[in-house]
Amino acid sequence: MMTEPTLIYGAKRGALDALGIPLIVLLGGMTGYGALAHDSGFGLGLATVATVLVWGLPGQIAMLELENAGADLLAIAIAVGMANMRFFPMSVALLPTFGRHAGGAFGRLFQSQIMSASSWAFIMRPTAPVEARARVGYHVAFAAICLTLAVIGTSAGYFGAASLPRPLALSLLFVNACFLLLLLVDIRQRGALVAIVTGIAVGLPANLYLPDFGLIVTGVIGGTIGFLAWKPDRKDPGA
Amino acid sequence: MSGLEPHGPELAVLAAVLASFGWRALGVVFANRIDPDGPVFRWFTCCSYAILAGLLTRLLVLPIGDLSEVGLSIRLGAAALGVAAFFASGRNLLIGVLVATGAFAAAVAWL
């Protein structure tokens with residue numbers, strides 16, 4: 001059956017995908033974050049604002065941990081900036097696939113702001129819609145549901161913090177890493193796969209010895225090696 | 001610089017929001033000039049995957065805060081079980097996540 005490549009079709013697909021496994025992972029991860037925010041002395045409103053506007057769990061956790069440790073603002077900004085610098089290349093890799101359908105500068109900024117590792121990884125899968133307009137619908141619906149779930153999770157964790165048994169609280173922080181791991185081992189494109197394997201190999205020493213800039217180094221080295229290993233699937237004249 | 005004024009959580013959130021938004025905005029500026037079928041686009045895609053992999057090693061192997069109190073062997077063991085379950089179930093994300101998280105919770109509770 002022919003698919004209708006429209007915004008609505010994409011939105012339906014995005015909503016269905018977001019209501020699967022991301023629902024559980026986001027509720028879990030953000031519940032862990034909400035509980036941590038409560039224990040760190042953040043108000044619920046502030047914790048929720050951070051969820052929606054920072055919109056990257058590792059950065060949010062780093063913010064809480066450093067604030068707890070009494071770090072200064074510059075240290076917090078650097079740590080969160082490094083944890084979330086992935087949004088730069090991810091935006092560059094995502095937005096052109098929307099063609100002109102993301103709207104003007106504001107529309108593209110909006111798409112970038114609602115993008116998360118999950119929305120990015122899902123829309124990069126071969127099963128996601130290919131047509132630009134359908135991709136816009138897919139991404140907006142997927143991200144809107146994720147953001148809603150994240151706000152619910154943050155609040156649930158915040159109010160349930162006191163009653164959360166420790167193994168469960170720790171597991172909720174762990175679930176996000178597991179999800180990311182499985183999204184990455186599910187990649188089949190050769191260049192991306194090489195980038196991931198290299199990223200893991202380089203990431204360990206880079207994060208250990210260059211805690212502030214380890215992720216940039218990892219991204220550039222892993223990305224370049226992956227790029228060189230990319231197997232062109234069309235007759236693209238080389239240099 | 002350690003001489004900054006004492007600040008509240010509000011400023012910590014503001015710093016975090018600005019630090020994240022800056023990368024996103026930079027991405028938007030770059031994306032305007034990039035051909036989605038060209039090599040620069042592919043390079044950025046690969047860099048994104050590599051950074052996510054680097055972030056993963058940080059979350060699993062070198063976490064900060066509460067997770068760092070859980071032994072490395074528990075974190076890696078639970079993750080490995082999750083990957084095994086993922087492939088054994090025909091790449092089912094839900095089963096992989098549930099097995100990994102369940103194993104992790106059980107290990108934390110009993111060890």
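Miscellaneous remarks
- For segment A:167-184, the set of residues classified as over 25 Å from B:Arg91 (Cβ atoms) and either in contact with a strand residue (DSSP E or B) (Cβ under 6 Å, 6 or more places away or on another chain) or facing chain B (nearest Cβ under 7 Å) (or both) consists of A:Pro167, A:Leu168, A:Leu170, listed by residue number.
- The helices (runs of 4 or more DSSP H) found wholly in segment A:87-149 and carrying at least 3 residues that are farther than 26 Å from A:Leu215 by Cβ occupy A:105-114.
- Checklist (1) charged (D, E, K, R); (2) more than 25 Å from A:Val185 (Cβ to Cβ); (3) open to solvent by 20 Å² or more (accessible area, probe 1.4 Å); (4) at pLDDT 90 or above applied to B:Glu69, failing item: (4)
- Of all residues in segment B:72-111 being assigned to a loop (DSSP other than H, G, I, E, B) and without any contact (Cβ under 8 Å) to a residue 40 or more places away in the chain, the one that is surrounded by the fewest Cβ atoms within 10 Å (Cβ to Cβ): B:Gly90
- Options A:Ala69, A:Ala83: the member that is at pLDDT below 95 and open to solvent by 50 Å² or more (accessible area, probe 1.4 Å): A:Ala69
- Among the residues making up segment B:36-66, those that are more than 7 Å from chain A (Cβ to nearest Cβ) and open to solvent by 50 Å² or more (accessible area, probe 1.4 Å) are B:Asp37, B:Pro39, B:Val40.
- Among the residues here, B:Val17 does not qualify as at the interface with another protein chain (Cβ under 7 Å from one of its Cβ atoms) and touching a residue at least 12 places away in the same chain (Cβ under 8 Å).
- Odd one out for A:Asp212, checked against (1) part of a loop (DSSP other than H, G, I, E, B); (2) at the interface with chain B (Cβ under 10 Å from one of its Cβ atoms); (3) in contact (Cβ under 8 Å) with a residue 24 or more places away in the chain: (2)
- Residue that is modelled with the lowest pLDDT [pool: residues in segment A:211-235 that are among the hydrophobic types (A, V, I, L, M, F, W, C) and open to solvent by 80 Å² or more (accessible area, probe 1.4 Å)]: A:Phe213
- Enumeration of residues in segment B:93-111 that are more than 20 Å from the chain's Cα centre (by Cα) and of a type in the set (Phe, Trp, Tyr): B:Trp110
- Condition met for A:Thr154 (among the β-branched types (Val, Ile, Thr), open to solvent by less than 40 Å² (accessible area, probe 1.4 Å) and touching a helix residue (DSSP H, G or I) at 6+ places or on another chain (Cβ under 8 Å)): yes
- Flag for A:Thr154 being in a helix (DSSP H, G or I), free of Cβ contacts under 8 Å to residues at least 60 places away in the same chain and more than 29 Å from B:Cys46 (Cα to Cα): no
- Qualifying position, being in a loop (DSSP other than H, G, I, E, B), in contact with a Leu (Cβ under 9 Å, 6 or more places away or on another chain) and at the interface with chain B (Cβ under 8 Å from one of its Cβ atoms), among A:Ile187, A:Ile196, A:Ile200: A:Ile187
The values are calculated or read from the model by the stated rules, or taken from the named source; none is laboratory data. Predicted, not measured: the structure shown is a model, and the values here were computed from it. Neighbour counts are summed over all protein chains in view; Cβ atoms, including those assigned to glycine, are modelled from backbone coordinates with ideal geometry. The accessibility values were calculated without ligands, DNA or RNA, using every heavy atom of the protein model including side chains. Shrake-Rupley method; radii C 1.70, N 1.55, O 1.52, S 1.80 Å.
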